[in-house]
1. Going by the structure shown, is D72 farther than 21 Å from D192 by Cα, among the charged types (D, E, K, R) and in contact (Cβ under 8 Å) with a residue 40 or more places away in the chain?
2. Can you work out which of the residues in region 1-40 that are hydroxyl-bearing (S, T, Y) and more than 27 Å from the chain's Cα centre (by Cα) is modelled with the highest pLDDT?
3. For a quick check of your reading: which strands (runs of 3 or more DSSP E) sit entirely within region 216-329 and have at least 3 residues that are crowded, with 20+ Cβ neighbours inside 10 Å?
4. Select from region 76-96 the residues that are part of a strand (DSSP E or B), touching a residue at least 40 places away in the same chain (Cβ under 8 Å) and surrounded by 17 or more Cβ atoms within 10 Å (Cβ to Cβ) and list them in ascending order.
5. Of all residues in region 152-165 being within 21 Å of N213 (Cβ to Cβ) and touching a residue at least 24 places away in the same chain (Cβ under 8 Å), which is farthest from the chain's Cα centre (by Cα)?
6. Take the residues in region 41-56 that are surrounded by 24 or more Cβ atoms within 10 Å (Cβ to Cβ) and either β-branched (V, I, T) or assigned to a helix (DSSP H, G or I) (or both), then tell me which one is nearest to the chain's Cα centre (by Cα).
7. Working only within region 285-307, note down all residues that are under 21 Å from E225 (Cβ atoms) and aromatic (F, W, Y).
8. Given E303, E277, which one is modelled with pLDDT under 95 and over 21 Å from R55 (Cβ atoms)?
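The values are calculated or read from the model by the stated rules, or taken from the named source; none is laboratory data. All figures in this text were calculated on a predicted structure; none of them were measured in a lab. Cβ sites come from the backbone with ideal geometry, for glycine too, and all protein chains shown count toward neighbours.
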Amino acid sequence: MIYAGFDPSFIDINIRPLEIESDNKLLSKLPMFGEHWPNTEITFIPGGNGFNFCRTLSSLGENITYVGPLDDFFISLVKDQKIDVCLTEIEGAKVNYTAILNTHDGEIQFNNIRGELSPSLLNEKILKLFIKSPIKSISNIAFNPKAIEWISSLLLGLREEYDKILFNDNAKLEEKINLLNGISFEGIIFVDPSDISQYSQIKDFFDILLALNTMEGDKYLSVNEFEMNKLLSLQGISPLKLSKTLNYPIIFHTSKVVKFYYNGNELYSLETQKLSEKKTFVGAGDVFNASFIFKILKNSHIEDALKFAIKSASFLIEKGVYPSSENLK
């Protein structure tokens, strides 16, 4: 069983304005201010990076449980939309909302953060699920007001013995990072920060990325162009230098190219697919990440895993549905 999520959950209000007299062609240009657009699809979707990640793995055939904040509406959407993902609640945490405006060339998200995940919400049950899962996912950094405290506590839970500061919302990050040094773990720590362009605690997050380098086990950092640029501007370095500094793989993905960096080298550079249709962009990055990990868990070669991830994300964008192993053949 794979347990993933461990991050904020969202109900996505998916807004798709379509061309007049068209059932599925997204607008290439937004309407004027004050204009009422008559041909718009609006749907409610259970989402968030972690949930979309789980949904993709499930669609590809994995037995998966999402661990995160839940409420009755979120649970009903998962059931009504027949999404085959098991749910485990992090009690005391609230579900957030996101309004997503889709256009032909991309999406804009407006997030309403109603709750936070903090160390005080951790318990032994949640920690044991994180520890035993072959994938230890970390995502949605900027959408959790207590992200630094939460992530550092999750990682600290990988120690053989729990430390009391693990459950303390006010524990100092420096003290927790020092305790991370030398921890060994099984499985893969997969970091997808999501949009950190407006994140005020970016330096603390980078300290956690550096601390991962001191831990013994497989790790990946996956970033899009905005996330990469934020990390590079913080340090004033190049992608190659960043990969040398972190000393674990960095997956860089955009709409045009996917690159794989490791230990100061660019090992792979792959063009993305040219698509005839674009039905949705919601979750495309999460589909990419989950599909890559899906192949890595099957012991696939890195390049093959990257190509499969590109194909999976392209399928979602072009068809508007999550990929399965069957429809990707």
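1. no
2. Applying the first criterion (hydroxyl-bearing (S, T, Y)) to region 1-40 yields 3, 9, 22, 28, 40.
Keeping just the survivors that are more than 27 Å from the chain's Cα centre (by Cα) gives 22, 40.
On the way: S22: 75, T40: 91.
The extreme case among them is T40.
3. Where strands (runs of 3 or more DSSP E) fall fully within region 216-329 and carry at least 3 residues being crowded, with 20+ Cβ neighbours inside 10 Å, they are 216-223, 250-253, 257-262.
4. Going residue by residue through region 76-96, those that are part of a strand (DSSP E or B) are 86-89, 96.
Still in the running and touching a residue at least 40 places away in the same chain (Cβ under 8 Å): 88, 96.
Result: N96, single match.
5. Among residues in region 152-165 that are within 21 Å of N213 (Cβ to Cβ) and touching a residue at least 24 places away in the same chain (Cβ under 8 Å), the one farthest from the chain's Cα centre (by Cα) is R159.
6. By that ranking, first place goes to N49.
7. F288, F292
8. Numbers: E303 fails: modelled with pLDDT under 95.
Step by step, each of E303, E277 is checked, and only E277 is modelled with pLDDT under 95 and over 21 Å from R55 (Cβ atoms).
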